[in-house]
Structures are given as C-alpha cells and as structure tokens.
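Below is one structure, written out as structure tokens; the observations come after it.
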Amino acid sequence: MTDKLLLLGDQAIALGAVHAGISGVYAYPGTPSTEITEYIQENPLARERGVRSDWCTNEKTAMEAALGMSYVGKRSLVCMKHVGMNVAADAFVNSAMTGVNGGVVVVAADDPSMHSSQNEQDSRFYGKFAFVPILEPSSQQEAYEMVRYGFELSENIGLPVLMRITTRMAHSRAVVTVTDPSDVNPVSFPKETSNWILLPVNARRRYKEVLAAQQKLEELSETTKYNSYKKSGKKGVIACGIGYNYVMENISSSDERTVLKISQYPLPVGIVRDMFDHCDEILVVEDGQPFVEDQLRGILDCTGKIKGRLSGDLPRVGELTPDNVGAALGTENGMRYDTCCTVVPRPPALCQGCGHRDVYEVLNLVLREYPDHKVFSDIGCYTLGALPPFRSIHTCVDMGASITMAKGAADGGLFPSVAVIGDSTFTHSGMTGLLDAVNSGANVTIIISDNLTTAMTGGQDSAGTGRIEAICLGVGVDPAHVRTVVPLPKNMEQIQQVIKEEIEYKGVSVIVPRRECIQTLKRKAKKQ
Amino acid sequence: MKKDIILAGVGGQGILSIAAIIGQAALNQNLHIKQAEVHGMSQRGGDVQSNLRICSEPIHSDLISLGRADAIISLEPMEALRYIPYLSPEGWIVVNSVPYINIPNYPEIERLDAEFAKMPHVISFDVDAIAREHGGVRTVNMVLLGAASLILDIEDTKLEEAIGDIFGRKGDKVVEMNVNAFRAGREAGKKQMKG
Ligand SMILES: Cc1ncc(C[n+]2csc(CCOP(=O)(O)OP(=O)(O)O)c2C)c(N)n1
C-alpha cells in the first residue's frame, strides 16, 4: 500500500508512529507538539488497535508510562514541547540508564524564535546529556519514515531515541507517501532485569555499558541514509534538520560546496574530521542553539574555519529562515518593498467573554486596596493578564511556579501574596506545591481559574476536571477556605467579597472561579 | 509552475481553510506543496499568517524568502501590509478592505489606502459585503479565494473541485454555498483588479 497524504510534520510523525506499531502515545500538550497526539487520538487504525492516547498529567508522568510500556515489550511514543523536557528530564535521563525493551521514541518540539514559549532551549543537549541517539528529520517525509526507523533503532541498541523537531517542521504541511503498517509487538519481558533496578551496584555497571555504546552510535551516524555527505569544493556546509532545506533553497544543484546533511546524532565523527581536513571553511546551519558549532569549535579552535551562530555569520538567536541562511551563504535577497511603517503590532489577547477576564477585573478591584500586593501567575491563556488592560500579574516562569513562588514570597514577608494558576497547570505541577504551602501554613491566596480545559494549546482534556476542590481538600486545605465562584459580570460583588475574605485569612486559601472556556463552548455548540 | 503565497489575517478569521483548499487543488494536480502555519499563542486575536508554496518541482524551504512571494492574500488590510517585504516586485495583493480593529492604535484607513495605492498589483474590495449576500460571514474566505483565483494560475474549476473535496463531508448544501461565494468573489475581484 502506498498513499499520498498532505500532512503537518506533527501528523506525519503521528502516522509514522501508528504505522510503526505503537501501543501507546503518552503526552502533555504543548505548542508545537500537540497535534501529534491529537492525530493519533483520531486515527482509525490507532483506534482499531486500541492505542492508548489519553493526555497525561505532565511530561514526567508521560515519560514514565512510556517506559513502563517498553518494559513489557511494546512500542511507545512520548511527545512534548521543549520545556516539557525539563519536567520529564529525570525520567528521560534515567531511561537511558535502564535501557528499553520495546522501542521508545521521545519527540521534543523546540520553538526557536519563541512563537509560543518562554525560552529557546535546544533539546539536542538533552539527547547528548542522556547518551541517546537523536533524530532530526529535514522533511515531513523523513519525519514519517524516521519514526519507524527510530523504533527499530531503539530496540536494536536498547536505548530510547530522541526525535527533535522545531516549529517549522511541526507546523508545516507537505505531501507524504505512506507505507504499510507494521504489527504491534507482543508482550515480552526484559532479558536483563537488573538494568531496571538502578541501585548503585547496577547503575555503575550500566553506566559503563551506556558509555561503551557511544562508539557504536557514532558508527551508525556514519552509515545511516539520513546523514549524507557530498564531498566537493573547499567551501563546506554542515546542515542539520530543516537547516538543510534553507541551504538547498539558496544554492543551485550545480553548486560546488561540500555539503554534510545531518539528521542523526551523535555526530558522525569520522565524516566531520574528513570534512574539516578537506574544507577551508565550514558553515554550520542548525536551527536552535549552536549545538554542533560549539562541539566543532570548542574553546580551542581559533582558525576561524568554523562559522555559524557563534561566529556571527548567522544570528545568535531566533529561528533560521531562508533569508538569514541565504545571507550566510552569500546570496542576496530579492526584497523590493520595505517594511511598511503604517503597520503596528497586534498582540494576542484574552477572548471576549472569557472567564479569566472577569477574574482579573475583580482581582484588580480588590488588590487596589493592597498597594504592596504581588500576583504570581503561571502559564496558560491567563498569562495574557500581564498585558493591558489588566496588567494584573507580576510573574510567569514555568508551569506550577505560581503557587510555590507565592509561598516563598509569603515566607519572605510579602502580604498579600497571591497566586493565579489554570486548572491544567494546577494538576500538571501546581498541586505538589500546594502541599508545601499547606505543610508550612503559608499565608497565600491561590486562585485556580478553572475553564474546564487546557485552553492555551487548543482545548485538550484537563486532568483534574471535576476534582479541583477535592484535590485541594485532599492535600489538606481547610474546607472553609476552599471557595468556588462563577466568574460572570453579574457576580462581581460577591467574588470581590470572597477574595477579600480569603486575603484576610492568615493561611492557605484557594478560590476556584469556574466557567467553561468560550472556545470549547462554541465548538460544542457547533457540533450539535 | 511555481506560486509562493502568503495568507494573512487575524487569529480566528480562518485563513487556514483558504490554505487547505489551494493545497487540496495542488494535491489533486500532483504538484509539490509546502504550507507553514502558526498555531498557539498568536491565535488569540493576534496576527496570523501562513506560507503556502506550490510548485511542479520539489520544494525545499517551508518558508518563503523576502521579495519572492507571488501573492499576499489577506482577510484584513493592515495584515496584508505586514508582509510586503516578502512580496516580489510583480506580486499581487488580494485583500479584504474591511479592517479588523481590536487594538487601540489601529492606523487610519486613509494611511492604509495610501500604501495600497503605491503597490502595482492590487485587488481590494469589501469582501464581507459580498459574503453577506452569499451565505453570511462564514463564506468570507471563499469570496476572497474567488478573487485570488484570478491571479493564482490554478483553473477555477480545479479550485471548485477542491472546495467540494474539503467541504464534502458537510453535505451538498454547504459545498454549493461555498462554491457560490467563490464565484461571487471571482466576479467582484474582476471589477476591482488594479494592475
Ligand atoms: C512544561 C510545559 N509543558 C507544556 C507547556 C505548554 N502549555 C502552556 S500553557 C498550557 C496549558 C494551560 O492550561 P490551563 O492551566 O488550564 O490554562 P488555560 O490555558 O486553560 O487558561 C500548556 C499545556 C509549557 N509551557 N510548559
């Protein structure tokens, strides 16, 4: 069977995984990775096969569930955005120590230029850190194929495999030719069971094995068809992942440059050395951080032969474009019309009718009476409360940080110390911090603005829906100080009163303004 | 054949259905396609754009280079102007003249009009008004696509076929409404073609 489909990079990965015979996808939403899991949730073959595809509470629980599935011999896919790797890191790094039984592919979607993210971190560092192979497809077709290849690789070498993509791969469509699906693995247990018990005695042995495997991984990178080396002129280009496309966009087929395309790491050391000897200069074109360039230059190479983001030939920050790569290759852009000065920015904003709006409006009203207040917020649609007309919040750092930072600030003497967090973020990693606050009797007022969904990323199920208050009570918040309200303009006075009372209460209080996200509400109405 | 197209608008206006139909038409003709789009943060009432590239030869970059776009198709006038550094000297702007004002410092319409007057190839008209006569605001995209079909080098019958492919699931009535809006947009566009 061959079929041509127009797919997003994310969807190509999703279909590749289904066709590779996965038994589960474990993920927490995050732009630009969300569509992978969403596609599997709707895919007929995945449904027929009963592939597990419900959203996880956070990226760490996702990584661990995948490892459990691998333990019993099945293939599992893990998906997250780049910052999710920070949350999953403990499980991810140690999954290389245990090794895998069924194949594990972890997809990390990086977001250079920070289209929808709080930083530009490059997940390839995690792959190197954990000593696992990294795959970085350059096209949607490669993305589709490399997922299956990744599962085979993972099982052959007994390690998880990291697939690293960036926004333009995740969210760009192209025609993909698909092939016959593989069968699902049967249940089987690991042959070497002590690897899975990382007591020091086992871990020390296992660490040596992982390190010893690195040479094999380098050899695989030299022979894989996904890395290609066209040895030609004295000018060279190393193009990683989608960086390859921008290079090819700018040079003609008769171009004399030596080109090394990299879609699999660790770096193919032998080829890179050969290229270094052969070329007078090498431009490294990689999206994200200068991962390869830094490895090649280190701090000792002062020849000036290696160029890229560190040398200033490419911008140090922001994503690659055909234009900045073109400039580094010496081609002139064809720009005719200058940026139009009449155009002004159009920043994103909370939707009209959104419950978060009512929350901020009334919160501002109450806090006007407390000039020393600070509001520690979190990540989600409600972060837009930082912008006019609200300007209600003072921080947004990482998921879950609102509650813990409010606690720390209260410990340090702040009053009132207020946290604002969404329902999905609360269950992702806010509830553990709530336990800290309860245990130390912190004087904080926590607002869990519950829109019954994970709205920021497009309305995925939220793990704690219907149980937010129960979770707070279970963690130990005094029932008298868990208050639920409905954020609507007509309830402003009542909510104002509730917030005021809870600020004045010396201890942990939780207010849950609850009203469904108007986007999911609209979508439901459309369906009916 | 090669067409590099920038689709622009404000989050929620639905530029992606235009991309889907042009993409489907290109797929039906076995052309190569790349279409980069924006999801996430910027959708919340912010500016959104999509780079759509179709070509008879394989396409490398997902993004269009500065000065190379053959067309900017925009549901909103200021959003069309945001991308003019990408427009090729002979490129077309196909634009809805109705502003979407959700920011306090939106420029005066006259200043936008003056910018369009400087450009050699423009199709600009009140797309909303035509849409209201043909199924309502939901068909705004199809009206604009109809006007764009005048300069896309894809036969209009192929685009209509693609509308059928994309909306087919929703029933014949919906397909018919969208095809009618497409045709009305094409007629309206003919009258407004400048260049
Ligand atoms: C570690 C991590 N994972 C995922 C994300 C992506 N992300 C940002 S906000 C958000 C959802 C927030 O949902 P919720 O807290 O319910 O707020 P809402 O957007 O619904 O208002 C997600 C998944 C992230 N920024 N960091």
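Limited to the range A:428-453, what total is found for residues that are touching a Lys or Arg at 6+ places or on another chain (Cβ under 8 Å) and of a type in the set (S, T, N, Q)?
From the range A:428-453, those touching a Lys or Arg at 6+ places or on another chain (Cβ under 8 Å) are A:433, A:436-437, A:440, A:442-444, A:450-452; that's our starting set.
This time we only want the ones that are of a type in the set (S, T, N, Q), so: A:440, A:443, A:451.
Here the count works out to 3.
Quick check on the range A:399-408. Is at least one of its residues away from the ligand (no atom under 14 Å from the Cβ), without any contact (Cβ under 8 Å) to a residue 60 or more places away in the chain, over 19 Å from A:Thr453 (Cβ atoms) and assigned to a strand (DSSP E or B)?
No - not one qualifying residue is present in the range A:399-408.
Just wondering, is there one or more residues in the range A:492-510 that are in a strand (DSSP E or B) and either more than 14 Å from chain B (Cβ to nearest Cβ) or of a type outside the set (Asp, Glu) (or both)?
As a first pass, look at the range A:492-510 and keep what is in a strand (DSSP E or B): A:509-510.
Keeping just the survivors that are either more than 14 Å from chain B (Cβ to nearest Cβ) or of a type outside the set (Asp, Glu) (or both) gives A:509-510.
Scanning the range A:492-510 turns up at least one residue that is in a strand (DSSP E or B) and either more than 14 Å from chain B (Cβ to nearest Cβ) or of a type outside the set (Asp, Glu) (or both).
Within the range A:434-446, work out how many residues are surrounded by fewer than 19 Cβ atoms within 10 Å (Cβ to Cβ) and part of a loop (DSSP other than H, G, I, E, B).
The qualifying residues number 2.
So which residues in the range A:447-458 are assigned to a loop (DSSP other than H, G, I, E, B) and either within 8 Å of the ligand (Cβ to nearest atom) or within 18 Å of A:Val508 (Cα to Cα) (or both), if there are any at all?
If the condition is that a residue be assigned to a loop (DSSP other than H, G, I, E, B) and either within 8 Å of the ligand (Cβ to nearest atom) or within 18 Å of A:Val508 (Cα to Cα) (or both), then A:Asn451, A:Thr453, A:Ala455, A:Met456, A:Thr457 are the ones that fit.
Hey, can you tell me all the residues within the range A:34-54 that are among the acidic types (Asp, Glu) and either touching a strand residue (DSSP E or B) at 6+ places or on another chain (Cβ under 7 Å) or under 25 Å from A:Ser116 (Cβ atoms) (or both)?
Quick first cut of the range A:34-54, residues among the acidic types (Asp, Glu) only: A:35, A:38, A:42, A:48, A:54.
A:Glu35, A:Glu38, A:Glu42, A:Asp54, listed by residue number.
State all residues of the range A:447-490 that are without any contact (Cβ under 8 Å) to a residue 60 or more places away in the chain and farther than 24 Å from A:Leu435 by Cβ; if no residue qualifies, say none.
Scanning the range A:447-490 gives A:Val486, A:Lys490.
So, in the range A:372-387, of the ones that are charged (D, E, K, R) and surrounded by 18 or more Cβ atoms within 10 Å (Cβ to Cβ), which residue ends up farthest from the ligand (Cβ to nearest atom)?
Result: A:Lys374.
Do we find a residue being part of a helix (DSSP H, G or I) and either outside the structural domain of A:Ala62 (by TED's automatic domain parsing) or without any contact (Cβ under 8 Å) to a residue 12 or more places away in the chain (or both) anywhere in the range A:158-172?
no
So A:Tyr246 ticks every box in (1) part of a loop (DSSP other than H, G, I, E, B); (2) within 27 Å of the chain's Cα centre (by Cα) but one. Which box is left unticked?
The single condition A:Tyr246 does not satisfy is (1).
If A:Phe390 passes every condition in (1) surrounded by 20 or more Cβ atoms within 10 Å (Cβ to Cβ); (2) closer than 28 Å to A:Val83 by Cα; (3) of a type outside the set (Val, Ile, Thr); (4) more than 10 Å from the ligand (Cβ to nearest atom) but one, which one does it miss?
(1) is the only condition that A:Phe390 fails.
I'd like to check something: does the range A:264-286 contain any residue that is modelled with pLDDT under 95, of a type in the set (Ser, Thr, Tyr) and in the same structural domain as A:Met248 (by TED's automatic domain parsing)?
No, the range A:264-286 contains no residue that is modelled with pLDDT under 95, of a type in the set (Ser, Thr, Tyr) and in the same structural domain as A:Met248 (by TED's automatic domain parsing).
Could you count how many residues in the range A:351-371 are within 13 Å of the ligand (Cβ to nearest atom) and within 14 Å of another protein chain (Cβ to nearest Cβ)?
Of the residues in the range A:351-371, 4 are within 13 Å of the ligand (Cβ to nearest atom) and within 14 Å of another protein chain (Cβ to nearest Cβ).
Which numbered condition trips up B:Gly136, out of (1) at pLDDT 95 or above; (2) out of contact with any Leu (no Cβ under 8 Å at 6 or more places or on another chain)?
Just one mismatch for B:Gly136, condition (1).
Yes or no, residue by residue, for (1) in the same structural domain as A:Gly243 (by TED's automatic domain parsing); (2) on the phi < 0 side of the Ramachandran plot; (3) within 28 Å of the chain's Cα centre (by Cα):
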residue	(1), (2), (3)
A:Met335	no, yes, no
A:Val343	no, yes, no
A:Arg346	no, yes, yes
A:Glu361	no, yes, no
A:Leu365	no, yes, no
A:Tyr370	no, yes, no
A:Lys374	no, yes, no
A:Ser377	no, yes, yes
A:Gly380	no, no, yes
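Tell me, which residue of the range A:16-27 that is in contact with a strand residue (DSSP E or B) (Cβ under 6 Å, 6 or more places away or on another chain) and closer than 16 Å to A:Ala170 by Cβ is nearest to the other protein chains (Cβ to nearest Cβ)?
The qualifying residue nearest to the other protein chains (Cβ to nearest Cβ) is A:Ala27.
Out of the helices (runs of 4 or more DSSP H) lying entirely within the range B:59-176, which hold 3 or more residues that are within 14 Å of chain A (Cβ to nearest Cβ), within 18 Å of the chain's Cα centre (by Cα) and touching a residue at least 24 places away in the same chain (Cβ under 8 Å)?
B:77-82
Suppose we keep only residues that are within 30 Å of B:Ser88 (Cα to Cα) and within 7 Å of chain B (Cβ to nearest Cβ) within the range A:341-350. Which one would you say is nearest to the ligand (Cβ to nearest atom)?
The extreme case among them is A:Pro348.
Please verify whether A:Thr321 is within 11 Å of another protein chain (Cβ to nearest Cβ), farther than 23 Å from B:Ile33 by Cα and touching a residue at least 60 places away in the same chain (Cβ under 8 Å), treating the condition exactly as stated.
Answer is no for this residue.
Among (1) surrounded by 19 or more Cβ atoms within 10 Å (Cβ to Cβ); (2) within 15 Å of the ligand (Cβ to nearest atom); (3) more than 14 Å from chain B (Cβ to nearest Cβ), there is one condition A:Leu521 misses while meeting the rest; what is its number?
Answer for A:Leu521: the failing condition is (1).
Whether any residue in the range A:427-444 is more than 10 Å from the ligand (Cβ to nearest atom), closer than 21 Å to A:Met492 by Cβ and more than 22 Å from the chain's Cα centre (by Cα) is what I want to check.
No, the conditions are met nowhere in the range A:427-444.
Between A:Ile238, A:Ile242, A:Ile251, A:Ile271, which is among the hydrophobic types (A, V, I, L, M, F, W, C), within 14 Å of chain B (Cβ to nearest Cβ) and under 23 Å from A:Leu162 (Cα atoms)?
On the way: A:Ile238 fails: within 14 Å of chain B (Cβ to nearest Cβ); A:Ile251 fails: under 23 Å from A:Leu162 (Cα atoms); A:Ile271 fails: within 14 Å of chain B (Cβ to nearest Cβ).
Result: A:Ile242 is the single residue among A:Ile238, A:Ile242, A:Ile251, A:Ile271 that is among the hydrophobic types (A, V, I, L, M, F, W, C), within 14 Å of chain B (Cβ to nearest Cβ) and under 23 Å from A:Leu162 (Cα atoms).
Check A:Tyr207 against each of (1) more than 26 Å from A:Phe129 (Cα to Cα); (2) assigned by TED's automatic domain parsing to the domain that holds A:Met69; (3) not polar (S, T, N, Q) and name the one condition it does not meet.
Only one criterion in (1) more than 26 Å from A:Phe129 (Cα to Cα); (2) assigned by TED's automatic domain parsing to the domain that holds A:Met69; (3) not polar (S, T, N, Q) is unmet by A:Tyr207, namely (1).
When you look at A:Gly288, is it away from every other protein chain (no Cβ under 14 Å) and free of Cβ contacts under 8 Å to residues at least 40 places away in the same chain, yes or no?
Working: away from every other protein chain (no Cβ under 14 Å): yes; free of Cβ contacts under 8 Å to residues at least 40 places away in the same chain: no.
No, not satisfied.
Within the range A:1-100, which strands (runs of 3 or more DSSP E) (wholly inside it) include 1 or more residues that are in contact (Cβ under 8 Å) with a residue 40 or more places away in the chain, within 16 Å of the ligand (Cβ to nearest atom) and within 15 Å of the chain's Cα centre (by Cα)?
A:22-27, A:75-81
Would you please name the residue that is surrounded by the fewest Cβ atoms within 10 Å (Cβ to Cβ), looking only at residues in the range A:325-340 that are free of Cβ contacts under 8 Å to residues at least 40 places away in the same chain and more than 9 Å from chain B (Cβ to nearest Cβ)?
Step by step, filter the range A:325-340, then rank; the result is A:Glu332.
The values are calculated or read from the model by the stated rules, or taken from the named source; none is laboratory data. Because the structure is predicted, anything quoted here is derived from the model rather than measured. Methodologically, a virtual Cβ is constructed for each residue, glycine included, from the backbone with ideal geometry; neighbour enumeration extends over all protein chains shown.
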